[in-house]
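Participant: Here it is, the structure in full.
The values are calculated or read from the model by the stated rules, or taken from the named source; none is laboratory data. It should be emphasised that the depicted structure is a prediction, and the values quoted were computed from it without experimental measurement. Heads up, the Cβs are rebuilt from the backbone with ideal geometry, glycines too, and the neighbour counts pull from every protein chain shown. Areas reflect the complete protein model, heavy atoms only, side chains present, ligands, DNA and RNA absent. Shrake-Rupley method; radii C 1.70, N 1.55, O 1.52, S 1.80 Å.
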Amino acid sequence: MSWSFRGSDMFSALNIKIGFYLALRQIRRASPWTTSLIIFVMILTFLNLVVVSGILVGLIQGSIDQVRTKYTSDVIVSTLNDKAYIENSPNIIALIKSMPEVQAISPRYRESGSLEANYKTRKDTDKPNTAPGQVAGIDPKEENSVTGIANDIVEGSFLEEGDYDQVLLGHYLLKQYVPIETPAFSTLNNVGIGTKIRLKVGDVTREVTVKGIIKSKVDEIALRTFMLDTQFRSMIGRTDGNVSEIAIKLKPGEDPVAVRDSLKRSGVDRYAKVQTYEDAQPKFLQDIVATFNMLGNAFSSIGLVVASITIFIVIFINALTRRKYIGILKGIGIDGKAIEMSYVFQSVFYALFGSAIGLFLVYGFLVPAFAAHPIDFPFSDGILVAPPDQTFFRVGLLVIATLVAGYIPAWMIIRKNTLDSILGRN
Amino acid sequence: MIQTKNLTRTFKNGDVVTEVLKGIDFAARDGEFVSIMGRSGAGKSTLLYQLSLLDDPTSGELIIDGHEAHSMTPDEKMQFRLVKFGYVFQDYALLPELTALENVALPLLMQGKGKREAYKISQEALTRAGLGKRLGNLSSQLSGGEQQRVAIVRAIAHRPKVLFADEPTANLDNESSKVIMDIFLELHREGQTIIMVTHEQPYAKLADRIVHLDDGKIVSTTGNTK
């Protein structure tokens, strides 16, 4: 009788083939309710992994996106810290406009100022109704082509050429929009469209009419007063065309970093700070994103452990109830490692199937739904941030966790004595 | 040829030691049909498990075709069971999630045969056993007799050197039992070595030889009683 022993390796082609053969049939002929329940748990785990941290980060990302869209745009050129404005602005503006990557720009004048209402009716004993804030002089067409803030007008209308002594107010300047009373945050009371208010910038005071109210979650917009740049220049006495900041919107697909570097190479950084929208983000926002990411990962880890335990229990019970058949399989010569592979395949199937449905839900439904209907937080429109690379990394984590959670109980049952398994002995 | 020399099997449960096999000297020639009989607890199933490498003896020697089986590693025994042995269990032991065809094909696939070849062999074998129309049925969709026939086909489809059967008719009615024994006899006529444990005298008598066990020892051997 000729006979030679062939060594057994878990990842041999034969064991993988037999493991897959068994797993496929076990899954196909398992109770649909059980399979559905396990996959449902996997979907929930996947959503927990991706959505929880995605929403946490999305709260801040929504804020960052809004600052980019409504204020800085893709690249922002702003006054150096030790200067009052950007020197040589006309040449810089001409240079920027000549760049092929640039779609639109909005040069802005900006100064600190204050607003006063009820000055006509106020008695000497009354407290003045004032609010501080930045005042910006803009070209309405250019500003709107960059930031589209005309769409954020909630009362009245946007500025137009020839709007003499008319202003737009950010909603944080008005009490009806911010009904809080703190000494550090004063707002204007009883001011609406058509109300005349006093605008003071430096030593110059002018009576202006409120033409529109802008509602924005970007502080730089919500706390600002906007007026025509031509009007504002005359107020601050600036005739040299030097502005305070220039927001630059790039054509789709253009790289802000490349444009920033190009401007710096052209020497613009000698006169102004040149930053991409990311450079201009306050560091605390980046810190919050990192912190929320960490928190999200912590919550996700709990979900991952729960999923692993679920799979462990499911596979353990499955293997335990099938112990006799596992014994028979080993008895008729089926390699224990092939049987282990069959459980690994089943676990991976549950994880992949659950993740696939989860991916569909996230990218086919949740991300578009959050984009269309962001969560309305006071400081941002919360979106769901789910970068594909991070999502697939989490799918990988889920698969590995389930694979291990499926393998361990299978290994525990399969390593038991073959005959004991067949006979149901402990 | 399968041979044992002074084979013992002892079970320990705490301080209680039970000696189930007490120095068995047994031999079965190639092509021989041997029945093992005895009352409950005599050790007949335990002996079958030793012979078929499903269990390890406590002491003694087990030699199969010149190979010292008692000193094989678990993986070597597994490979030996796959290639050289076939098993028919009392309760059929078909895998519930596999069809009749898949149950038979599985050991063939494990031996490295391609799916097409394994299925072809299995289909032919099942058809010969009168199960040609039951290929796609799960075990739950087969009668007891049909399940046992599938189990026999699974055990012999790869043409094993030895077919072991542990009370193969215990759960069957008379008619089904007769069909099963007819299959065994036909296999035996074709030269198949069969070692069968049974407590049913009429079926035991169909074998070339009956080995009687009592209290872990072979007490008698009767031959050619057919």
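Participant: In µm²/s, what is D for the stretch B:156-207 at 20 °C and 1.002 mPa s, where D = kT/(6 pi eta Rh) by Stokes-Einstein and Rh is the Kirkwood radius from Cα pairs?
Facilitator: Using the Kirkwood radius from Cα pairs, D works out to 189 µm²/s.
Participant: Taking the Kirkwood radius as the inverse of the mean 1/r across Cα pairs, report the Rg/Rh of the stretch A:226-308.
Facilitator: With Rg and the Kirkwood Rh in hand, the quotient comes to 1.24.
Participant: Relative contact order for the stretch B:1-122 using alpha-carbon pairs under 8 Å, separation at least 6, rounded to a whole percent?
Facilitator: Averaging sequence separation for qualifying contacts and normalising by length gives 22 percent for the stretch B:1-122.
Participant: For the stretch A:55-127, what are Rg and Dmax over the alpha carbons, in angstrom?
Facilitator: According to the Cα coordinates of the stretch A:55-127, Rg and Dmax are 19.4, 59 Å.
Participant: So if I average 1/r over every pair of distinct C-alpha atoms in chain B and take the inverse, what Kirkwood radius in Å does that give?
Facilitator: The Cα-based Kirkwood calculation yields 18.0 Å.
Participant: If you don't mind, another one. Would you calculate a helix-derived [θ] at 222 nm for the protein assembly as shown, using -39,500 (n - 2.57) for each DSSP H run of n ≥ 4 and dividing by the full residue count, to the nearest 500?
Facilitator: Result for the protein assembly as shown, helices only: -14000 deg cm²/dmol.
Participant: Could I ask something else about it? Express in Å², to the nearest 10, the accessible area of A:Ser31 obtained by rolling a 1.4 Å probe over the protein heavy atoms while all chains stay in place.
Facilitator: 50
Participant: DSSP loop (so not H, G, I, E, B), at most 15 other Cβ within 10 Å: list which trypsin sites (Lys or Arg not before Pro) in the stretch B:75-173 pass both filters.
Facilitator: Of the trypsin sites (Lys or Arg not before Pro), the ones in loops of the stretch B:75-173 whose Cβ has at most 15 other Cβ atoms within 10 Å are B:Lys133.
Participant: Averaged over A:331-344, how many beta carbons belonging to a partner chain fall within 10 Å of each residue's beta carbon?
Facilitator: Counting Cβ atoms of other protein chains within 10 Å of each residue's Cβ and averaging gives 5.
Participant: What FRET efficiency, computed as 1/(1 + (r/R0)^6) with R0 = 56 Å and r the Cβ-Cβ distance, is obtained for A:Asn151 and B:Thr127, rounded to the nearest 0.05?
Facilitator: 0.15
Participant: Considering the convex hull of the alpha carbon atoms of the stretch B:103-151, report its projected area averaged over all viewing directions, in nm², one decimal.
Facilitator: Projected over every direction and averaged, the Cα hull of the stretch B:103-151 covers 3.1 nm².
Participant: Leaving out ligands, DNA and RNA, calculate the buried accessible area for the pair A and B with a 1.4 Å probe, summed over both sides, in Å² to the nearest 100.
Facilitator: Roughly 3300 Å² of accessible surface disappears when A and B pair.
Participant: Might you report the magnitude of the Cβ-based charge dipole of chain A about its Cα centre, with Lys and Arg at +1 and Asp and Glu at -1, to the nearest 20 debye?
Facilitator: Using Cβ point charges on Lys, Arg, Asp and Glu, chain A gives about 2240 debye.
Participant: In chain B, what % of DSSP beta bridges are antiparallel (nearest 5)?
Facilitator: Just about 55 percent of them are antiparallel.
Participant: Would you please state the base-10 log of I(q)/I(0) at q = 0.11 1/Å for the stretch A:84-211, with intensities from the Debye formula using one equal scatterer on every alpha carbon?
Facilitator: After summing over all Cα pairs, the log10 values are -0.47.
Participant: Sorted from largest down, what three extents in whole angstroms do the Cα atoms of the stretch A:1-101 have along their principal axes?
Facilitator: Each principal axis gives a Cα extent; for the stretch A:1-101 these are 98, 40, 27 Å.
Participant: Now for a separate question. At R0 = 22 Å, how high is the FRET efficiency between A:Tyr177 and A:Ala290 if r is their beta carbon distance? Nearest 0.05 is fine.
Facilitator: With a Förster radius of 22 Å, E is 0.10.
Participant: Would you please calculate the Kirkwood hydrodynamic radius of the stretch A:276-426 over all C-alpha pairs and express it in Å, rounded to one decimal?
Facilitator: 18.4
Participant: To the nearest 0.05, how large is the calculated FRET efficiency for A:Glu278 and B:Ser71 if R₀ is 60 Å and r is the Cβ-Cβ distance?
Facilitator: 0.30
Participant: Tell me the accessible surface of B:His67 in square angstrom (1.4 angstrom probe, heavy atoms of protein chains only), to the nearest ten.
Facilitator: For B:His67, solvent-accessible area is about 50 Å².
Participant: Determine the per residue accessible area of chain B with all protein chains present and a 1.4 angstrom probe, expressed in square angstrom.
Facilitator: With all protein chains present, chain B gives 42 Å² per residue.
Participant: Which of A:Tyr271, B:Gly145, A:Ala94 sits farthest toward the positive end of the charge dipole of the protein assembly as shown, with +1 on the Cβ of Lys and Arg and -1 on the Cβ of Asp and Glu?
Facilitator: B:Gly145
Participant: Once the principal axes of the Cα atoms of the stretch A:118-277 are found, what is the range along each, listed largest first in whole angstroms?
Facilitator: So the three principal-axis extents are 58, 32, 31 Å.
Participant: Further question on the same structure: Using a 1.4 angstrom probe, figure out how much accessible area the stretch A:12-111 has per residue, in square angstrom, rounded to the nearest whole.
Facilitator: Averaged over the residues of the stretch A:12-111, the accessible area is 41 Å².
Participant: Roughly how many Å is it from the Cα centre of the stretch A:176-229 to that of the stretch B:102-151, as a whole number?
Facilitator: 85
Participant: If you put +1 on each Lys and Arg Cβ and -1 on each Asp and Glu Cβ, how big is the dipole of the stretch A:179-231 around its Cα centre, in Debye rounded to 20?
Facilitator: Once rounded to the nearest 20, the dipole reads 180 debye.
Participant: So, one more: Determine the relative contact order of the stretch B:77-226: mean sequence separation of Cα pairs under 8 Å and six or more apart, normalised by residue count, in whole percent.
Facilitator: 25
Participant: Another question about this same structure. Quick one: check the C-alpha center-to-center distance for the stretch A:69-98 versus the stretch A:303-373, whole angstrom.
Facilitator: So the two Cα centres are separated by 56 Å.
Participant: Between A:Lys123 and A:Ser266, what length in nm is gained on full extension when 0.36 nm per residue of separation is reduced by their alpha carbon distance?
Facilitator: 45.8 nm is the gain from fully extending A:Lys123 to A:Ser266.
Participant: A further question on this structure: Quick one: compute the contact order of chain A, relative version, from alpha carbon pairs under 8 angstrom and 6+ residues apart, as a percent.
Facilitator: Result for chain A is 28 percent.
Participant: Leaving out ligands, DNA and RNA, and with a 1.4 Å probe, what % of the accessible surface on the protein assembly as shown is carbon or sulfur?
Facilitator: That share works out to 55 percent.
Participant: Using a Debye calculation, one point per C-alpha and no hydration shell, please list log10 I(q)/I(0) for the protein assembly as shown at q = 0.07, 0.09 Å⁻¹ in order.
Facilitator: Values returned for q = 0.07, 0.09 Å⁻¹ are -0.64, -0.80.
Participant: Output the 0 to 90 degree angle, nearest 10, between the alpha-carbon long axis of helix A:256-265 and the longest principal axis computed from the alpha carbons of chain A.
Facilitator: That works out to roughly 50 degrees.
Participant: With the alpha-carbon atoms as the only input, what is the per residue convex hull volume for the stretch A:199-341 in Å³?
Facilitator: 257
Participant: Right, something else. Output needed for the stretch A:356-426: three equivalent-ellipsoid semi-axes, defined as square roots of 5 times the C-alpha gyration tensor eigenvalues, in descending order, whole Å.
Facilitator: The answer is 46, 11, 11 Å, longest axis first.
Participant: Using the 2.2 N^0.38 Å rule of thumb for compact globular proteins, work out how the stretch B:122-184 stacks up: its C-alpha Rg over that value, please.
Facilitator: Expressed relative to 2.2 N^0.38 Å, the Cα Rg reads 1.06.
Participant: Report the local net charge at B:Leu187: Lys and Arg +1, Asp and Glu -1, summed over other residues whose C-beta lies under 14 Å from its C-beta.
Facilitator: 0
Participant: What ranking of B:Ser176, B:Ser122 comes out by heavy-atom accessible area, probe 1.4 Å, highest first?
Facilitator: The most accessible residue leads, giving B:Ser176, B:Ser122.
Participant: Specify the angular offset, from 0 to 90 degrees and rounded to the nearest 10, of the alpha carbon long axis of helix A:336-361 from the longest principal axis of the alpha carbons in chain A.
Facilitator: Tilt relative to chain A: about 20 degrees.
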